[in-house]
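Here's the structure we're looking at; comments come further down.
No value in this document is a laboratory result; all are computed from the given coordinates. Note that this is a predicted model, so its numbers are computed, not measured. Virtual Cβ from ideal backbone geometry, glycine too; neighbours counted across all protein chains shown.
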Amino acid sequence: NTAMVDIDVKSRPSRPHWYERYVQPCVAEVLGSALFIFIGCLSVVEDVEGTGRLQPALAHGLALGLTIAILGDI
């Protein structure tokens, strides 16, 4: 009787490309910050008397939520 020997060969996980490690997170950070600041500033440009603090707060919250939804996995 010959016994079969199972050899577990563990492949090394491939390292991500330099673009995915360094450039992509930086670009995502710049785009996310620009979107957040741009939408936040635009929400205050035409401040109607009745909105008060609600309009900028909602705009910043929605911009942050959108940024996290789009760029969160990066």
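Distance between the pseudo-spin-label points of Trp18 and Leu42 (7 Å out from Cα toward the beta carbon): 3.6 nm. Projecting label points 7 angstrom from Cα along Cα→Cβ for Glu29 and Asp73 puts them 2.2 nm apart.
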